[in-house]
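Heads up: the structure comes next, in structure tokens.
The values are calculated or read from the model by the stated rules, or taken from the named source; none is laboratory data. What you see is a predicted model; the values in this text were computed from it and never measured. Backbone-built Cβ (ideal geometry, glycine too); neighbour counts: all protein chains shown. These area figures cover heavy atoms from the full protein model, side chains too; ligands, DNA and RNA do not enter into them. Shrake-Rupley method; radii C 1.70, N 1.55, O 1.52, S 1.80 Å.
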Amino acid sequence: QVQLVESGGGLVQPGGSLRLSCAASRSIFNFLVMGWYRQTPGKQREFVASIPKSGSTAFADSAKDRFAISKDNTKNTVYLEMNRLKPNDTAVYYCNAVALGATYWGQGTQVTVSS
């Protein structure tokens, strides 16, 4: 079992930036992929970005050119750098980790983009 704890959410003005962090309770080195998803009330959770154990990162069209995903294996942490934020980026952001035979989710962190 592994716990994922997100942090870094909050209120930001349109055009601003935030960096979300996802700290894992154990080593993230062997996760097949880690990623970020987001959800707004009444809608399904949607993919934002992912970073595999090896290979290229992936982004939703809405996140391309504005968001970046990275990880620090020494800190067991995955980051989502969000720039040029828009009001429709407002959502609860969830961290996700995929291992062989298991998928883990964090509790989420609220991001609100508003003036």
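Each residue of the range 42-53 is assigned a 3J(HN,Hα), and the resulting list reads x, 10, 6, 5, 10, 5, 10, 7, 8, 9, x, 4 Hz, derived from the Karplus form 6.51 cos²θ - 1.76 cosθ + 1.60 (θ = phi - 60°), x at Gly and Pro. Pairs of lysine residues in the chain that meet both criteria, 8 or more places apart or on different chains and Cα atoms under 28 Å apart, total 9. About its Cα centre, the dipole of the chain is roughly 60 debye, where the only charges are +1 on Lys and Arg Cβ and -1 on Asp and Glu Cβ.
Once the other residues with Cβ under 15 Å from the Cβ of residue 109 are scored (Lys, Arg +1; Asp, Glu -1), what is the net sum?
Details: positive: 19, 38, 45; negative: 6, 81, 89.
It works out to a net charge of 0.
Charging the Cβ of each Asp and Glu at -1 and of each Lys and Arg at +1, and nothing else, the dipole of the range 61-111 about its Cα centre rounds to 60 debye.
Less than 5 angstrom separates the built amide H of residue 76 from those of 28, all sequence-distant by 5 or more or on a different chain.
Entry comment: accessible area of the range 47-115 is 51 Å² per residue, from protein heavy atoms only and a probe of 1.4 Å. Mean sequence separation of contacting Cα pairs (under 8 Å, at least six apart), scaled by the length of the chain, corresponds to a relative contact order of 37 percent.
Here the range 14-56 exposes an accessible surface that is 50 percent carbon and sulfur, computed with a 1.4 Å probe and the other protein chains kept in place. Dipole check for the range 1-66: with +1 at the C-beta of Lys and Arg, -1 at the C-beta of Asp and Glu, and the Cα centre as origin, the magnitude is about 80 Debye.
Summing +1 for each Lys or Arg and -1 for each Asp or Glu, what net charge is found among the other residues whose Cβ lies under 13 Å from the Cβ of residue 5? Write out the running numbers ahead of the final one.
Numbers: positive: 26, 75; negative: 6.
Local net charge: +1.
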